[in-house]
Structure formats: structure tokens, C-alpha cells
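First the structure, in the form of C-alpha cells, and then the observations on it.
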Amino acid sequence: MTTSTLAREALGGCLCGGLRYRIAPGGAMAVYCHCRMCQRAAGAPVVAWLTVAASRFTYVVGAPAIYRSSETARREFCAVCGSHIAFRPVDRAEIDVACGTLDDPAIVAPSAHIWWESKIPWLALEDALPHHLKGFPGP
Ligand SMILES: [Zn+2]
Ligand SMILES: [Zn+2]
């Protein structure tokens, strides 16, 4: 995995504009997640996530609806338009923000694939990024 830096704050929000957020500058890392839960939650073959310290992420307009998707995490989304905004682990002080909801999704490029074991076969990917069959291997 490769850590990048957001040199300036990043803004984003949901499709309808009812939720807006900001991410303060600092370290960031992006990955593609191919897990079945992300696929279902987003209705998409893969979700690119930007991971930042939770303390640097703030909703500035609206408040998300929350779905406790597992014992260890909750997913935050817009109750009006359904945009899937964030994945928030309960045991780590970080948050994964859906790259597609950023005003400028190009600010950080994903540096790895995770949960490659459930990548959908028809999704053709030609990058040379490392891929992990499950989540990131432990330390
Ligand atoms: Zn919305
Ligand atoms: Zn996932």
C-alpha cells in the first residue's frame, strides 16, 4: 500500500447534495475493494475507498443515515438519494470515504486491490497494482 498526502482540503458529497463533507489535509491512501459487501452496498462491481484519519473527516451539510453492516463497521449513506459515502470501522480511528463522491475523485489514485477473491470475472482491469485475495495482510 502507498500512502499519499492531501495537500489541501478535499470536498465531496452525495448525488442530491443533501450531504456534503470535507476532509482536512494530511495522509491518505486509496484502494479498490472488491468485497461482496461493498459491491452490494454500492451496487457497483468495485468501490474505490480513500482512507483518512476519522478526525479529519467532517459532514458540513446534513447528517448521514447509518447502516451497521457488521460487528466491526458501519456504513454511512444519504437517506434521500442513497449515495454510499463512508465506511467507518468501529475499532480504528479512521474512515474510508467513497472516492466516487469526492468533488475531485482524481486527487488520490488507488494503490492496491483488496478482496480480489470476489472480483467479478467480467471486470477487466489492466493495472499492475498489487492485489490481495482478502483484506490487507496483518502486520
Ligand atoms: Zn443525497
Ligand atoms: Zn469492501
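Throughout, read-outs are computed from the coordinates displayed, never taken from laboratory work. In this text, all values refer to a predicted model and were calculated from it rather than measured experimentally. Quick reminder, even Gly has a Cβ in these numbers, built from the backbone with ideal geometry, and neighbours come from all protein chains shown.
Let's see how each residue does on (1) surrounded by 13 or more Cβ atoms within 10 Å (Cβ to Cβ); (2) among the aliphatic types (A, V, I, L, M); (3) under 21 Å from Ile114 (Cβ atoms):
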site	(1), (2), (3)
Gly18	yes, no, no
Ala24	yes, yes, no
Met37	yes, yes, yes
Trp49	yes, no, yes
Pro64	yes, no, no
Glu71	no, no, yes
Ser83	yes, no, no
Pro89	yes, no, yes
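Taking segment 35-69, which residues are touching a Ser or Thr at 6+ places or on another chain (Cβ under 8 Å) and charged (D, E, K, R)? Let's see the steps before the verdict.
Here is the first cut: in segment 35-69, the residues touching a Ser or Thr at 6+ places or on another chain (Cβ under 8 Å) are 35-37, 39, 41.
Arg36, the sole residue that qualifies.
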Report, ordered by the first and then the second residue, all pairs with beta carbons closer than 9 Å, sequence separation of six or more or different chains, a first member in segment 3-15 that is within 16 Å of Val31 (Cβ to Cβ), and a second member that is of a type in the set (Lys, Arg). Leu6/Arg56
State whether one or more residues within segment 28-48 are more than 16 Å from ligand 2 (Cβ to nearest atom), among the aliphatic types (A, V, I, L, M) and touching a Leu at 6+ places or on another chain (Cβ under 9 Å). yes
Thr3 passes all but one of the listed conditions (1) away from ligand 2 (no atom under 12 Å from the Cβ); (2) under 14 Å from the mean Cα position of the chain (by Cα); (3) under 28 Å from Leu125 (Cα atoms); the exception is number (2)
Which numbered condition Asp96 fails, given (1) in contact (Cβ under 8 Å) with a residue 24 or more places away in the chain; (2) among the charged types (D, E, K, R); (3) exposed (fewer than 15 other Cβ atoms within 10 Å of the Cβ): (3)
